[in-house]
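First up is the structure itself, then whatever we jot down about it.
Read-outs: derived from the displayed coordinates by stated rules, not from any lab. Everything numeric here is computed off the predicted structure, so don't read it as measured data. Cβ: placed from backbone, ideal geometry, glycine included. Neighbour counts: every protein chain shown.
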Amino acid sequence: MKVELRKVSDIKPYEHNPRDNDGAVEAVARSIREYGFRQPIVVDAEGVIVVGHTRWKAAQKLGLETVPVHVATDLTPEQVKAYRIADNKTADLSDWDYKLLPIEISELQNTNYDLMLLGFDENELAELLGEELPSEKYTSLIRGLIYEPRMAMPPEVLQLYDDTKLQELLARIDLAQLPDELVYFLRLAAHRFVRFRFDLIAEYYAHATPEIRQLMRELVLVIVDHDDAIATGVLRLTETLVQLINEVAEQESD
C-alpha cells in the first residue's frame with residue numbers, strides 16, 4: 001500500500017458522509033497527539049475522503065499541516081461508496097470483553113498512564129475500575145494543594161479541555177436564526193459545557209509563569225489559598241455540596 005504526505009487543506013471531505021463523527025474528534029486528536037498519525041486517510045483520485053473523516057477533523061483541530069494519505073485508485077465509484085459505509089459499520093459489530101478490559105485498564109492505571117487517552121470518559125473509567133469518588137477526597141483537595149511539576153514539560157493547552165459539546169451547541173445556535181441578543185446569551189450559556197481536565201490544568205499551572213498563575217487562580221482553575229477560596233465563595237459552595245451529598249447518602253442508607 002502506497003502512502004504519501006498531503007496537505008490537510010488539499011483533502012476534501014465527502015459532502016454526503018452519513019457518519020456523524022463530531023463527538024469523536026477530541027478523543028482522536030488526543031490519540032494522534034499521544035501516539036502519532038498511525039492510520040492514513042484514504043481518499044479517492046479526486047482527493048475526497050473515503051475513510052478517515054474523523055482523523056481529518058482531528059488533524060485540523062491539532063493544526064497539522066500534512067497527514068499520511070493513501071489514494072485508492074483501484075476502487076470503482078460503487079466500491080468507494082460501499083467502503084465508506086462498511087468501514088463505519090464493521091466497527092460497530094465488535095464489543096468489549098468486560099472481564100478482560102478492566103484488567104488491561106487497571107494495569108495501565110498502575111503505571112500512572114493518562115487513562116483519558118483511551119477515549120472513555122471519567123464515569124466510564126470509574127465504572128470499569130469499580131471506583132467511587134468519595135466526598136472527603138474533594139474536601140481535602142480544596143483545603144490545600146501544592147502544585148509541583150510531575151512532568152518534564154507542561155501539557156499542551158489543547159489537552160486542558162474538551163470543547164466538543166460547546167462547538168456543537170455554538171453551531172446549532174448560529175443556524176437557528178435568532179435575535180442577536182438571544183444568540184449572545186445562548187453562546188455565553190453554551191460555554192458551561194466545556195469539560196476541563198483539572199489534573200492537567202494543575203500540571204500546566206506548576207510550569208506556568210507568575211502572571212499566568214495569577215490569572216489561573218482568579219479564574220478558579222486552581223486553588224492554592226484557603227482564605228482565597230473562602231473569599232471567592234468556592235470553598236463554601238463545595239463544602240455545602242459535600243454536606244448535601246452526605247445527607248442524601250445517609251437518608252438512602254436508612
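Please report, in whole Å, how far the alpha carbons of the stretch 4-92 spread along each principal axis, starting with the longest.
35, 28, 21
Pull up all non-local amide H partners of Arg6: gap of 5 or more, or a different chain, and H-to-H distance under 5 Å with H placed in the peptide plane.
Residues meeting the amide H criterion: Val67, Val69.
Decide, for the stretch 1-47, between rounded, prolate and oblate: order the square roots of the alpha carbon gyration tensor eigenvalues as a ≥ b ≥ c, take rounded if a/c falls under 1.5, and otherwise choose prolate if a/b is larger than b/c, else oblate.
Note, shape of the stretch 1-47 comes out oblate.
What is the antiparallel percent of DSSP beta bridges lying wholly in the stretch 1-111, to the nearest 5?
60
Could you pull out the pairs from Lys57/Lys81; Lys2/Lys89; Lys7/Lys61; Lys12/Lys165; Lys61/Lys81 whose alpha carbons sit more than 22 Å apart here?
Pairs exceeding the cut-off: Lys2/Lys89; Lys12/Lys165; Lys61/Lys81.
What is the packing order of peptides 51-63, 162-174, taking the mean over residues of other C-beta atoms within 10 Å and listing the highest first?
51-63, 162-174
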